[in-house]
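K.L.:
Below is a structure I'd like to ask you about.
The values are calculated or read from the model by the stated rules, or taken from the named source; none is laboratory data. Please read all numbers here as calculations on a predicted model, not as lab measurements. Note that each Cβ is placed from the backbone with ideal geometry, even for glycine, and that neighbours are counted across all protein chains shown.
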Amino acid sequence: NAGVMQNPRHLVRRRGQEARLRCSPMKGHSHVYWYRQLPEEGLKFMVYLQKENIIDESGMPKERFSAEFPKEGPSILRIQQVVRGDSAAYFCASSPGWTGQYTEAFFGQGTRLTVV
Amino acid sequence: DQQVKQNSPSLSVQEGRISILNCDYTNSMFDYFLWYKKYPAEGPTFLISISSIKDKNEDGRFTVFLNKSAKHLSLHIVPSQPGDSAVYFCAASVTGTASKLTFGTGTRLQVTL
């Protein structure tokens, strides 16, 4: 039973390029969350998606960042025109969704984005 | 605005002794609390959780205590083992928001021989 799969594990981009981070949730999970961890900080919520729907994007920067979770395929976090401040670890988590009581989210190993 | 705070960035404990990690929160809406453990270059791993209707939850060597009036929770690990050395994150959520979590900044635990 594969866990949450993120790729690539490491991504280097020059300033101004685009970064695409992929996340395949655990089998049977229909909810995906993206978090960002800056150096020496905790994880910060970015966006919560279900298949083909963005449920909560309150943590997403207003510009350059977008996320999708299509009907088929992985969830994608896309960062356009990257800047040095985007360098961070990006974690994806998945859960089966709201069942009437809390269900914990399982995290992937993260993608470490370095902008040079 | 840091709604979940872990004021000790690091903690060193001898093997076999008790490790106590602390966490404070400010948002009264939080009603579910979790502890995650994280090794370098890996994602957080769920450890233990507690609902606001309880004040204690135990799972093996790990116990979480919740003091709602003080908006404080703590994680006790006893006995501590070298493999427990990692960064521990406290996280909180509001019922109905699924797994949208607010994390603290983490405490690095080092268990020494």
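K.L.:
Just to be sure, is B:Ala70 of a type in the set (A, V, I, L, M) and over 25 Å from A:Ser94 (Cα atoms)?
P.N.:
Against the criterion (of a type in the set (A, V, I, L, M) and over 25 Å from A:Ser94 (Cα atoms)), B:Ala70 qualifies.
K.L.:
Being free of Cβ contacts under 8 Å to residues at least 60 places away in the same chain and either more than 16 Å from the chain's Cα centre (by Cα) or under 30 Å from A:Gly3 (Cα atoms) (or both) is the filter here; which residues of the range B:1-21 pass it?
P.N.:
B:Asp1, B:Ile20
K.L.:
Now for a different question. Could you check how many residues of the range A:89-108 are within 16 Å of B:Lys38 (Cα to Cα) and either modelled with pLDDT of 95 or more or in a strand (DSSP E or B) (or both)?
P.N.:
Qualifying residue count, the range A:89-108: 8.
K.L.:
Continuing with this model, one more query. In contact with a strand residue (DSSP E or B) (Cβ under 6 Å, 6 or more places away or on another chain), more than 20 Å from B:Thr45 (Cα to Cα) and not in a strand (DSSP E or B): is that true of A:Gly59 in this structure? Steps first, please.
P.N.:
Details: in contact with a strand residue (DSSP E or B) (Cβ under 6 Å, 6 or more places away or on another chain): yes; more than 20 Å from B:Thr45 (Cα to Cα): yes; not in a strand (DSSP E or B): yes.
Yes; evaluated as a whole, the condition is true for this residue.
K.L.:
When only residues in the range B:10-29 that are closer than 19 Å to B:Ala70 by Cβ and surrounded by fewer than 21 Cβ atoms within 10 Å (Cβ to Cβ) count, which is farthest from the other protein chains (Cβ to nearest Cβ)?
P.N.:
Filtering first and then ranking leaves B:Ile20.
K.L.:
May I pose another question? Is there a residue being out of contact with any His (no Cβ under 8 Å at 6 or more places or on another chain) and at the interface with another protein chain (Cβ under 8 Å from one of its Cβ atoms) anywhere in the range A:79-91?
P.N.:
Among the residues of the range A:79-91, at least one is out of contact with any His (no Cβ under 8 Å at 6 or more places or on another chain) and at the interface with another protein chain (Cβ under 8 Å from one of its Cβ atoms), which makes the answer yes.
K.L.:
Specify the residue that is surrounded by the fewest Cβ atoms within 10 Å (Cβ to Cβ); the eligible residues are those in the range A:14-37 that are over 18 Å from B:Ser99 (Cβ atoms) and away from chain B (no Cβ under 14 Å).
P.N.:
Of the range A:14-37, the ones over 18 Å from B:Ser99 (Cβ atoms) are A:14-22.
From the residues that got through so far, the ones that are away from chain B (no Cβ under 14 Å) too are A:14-20, A:22.
Values: A:Arg14: 8, A:Arg15: 11, A:Gly16: 10, A:Gln17: 13, A:Glu18: 11, A:Ala19: 22, A:Arg20: 14, A:Arg22: 16.
This residue is A:Arg14.
K.L.:
Name the residues in the range B:58-110 that are on the phi > 0 side of the Ramachandran plot, loosely packed, with under 14 Cβ neighbours inside 10 Å and either among the polar types (S, T, N, Q) or away from chain A (no Cβ under 14 Å) (or both), would you?
P.N.:
Within the range B:58-110, just B:Gly60 meets the criteria.
K.L.:
State whether the residues of the range A:66-78 include one that is in contact with a strand residue (DSSP E or B) (Cβ under 7 Å, 6 or more places away or on another chain), in a strand (DSSP E or B) and among the aromatic types (Phe, Trp, Tyr).
P.N.:
no
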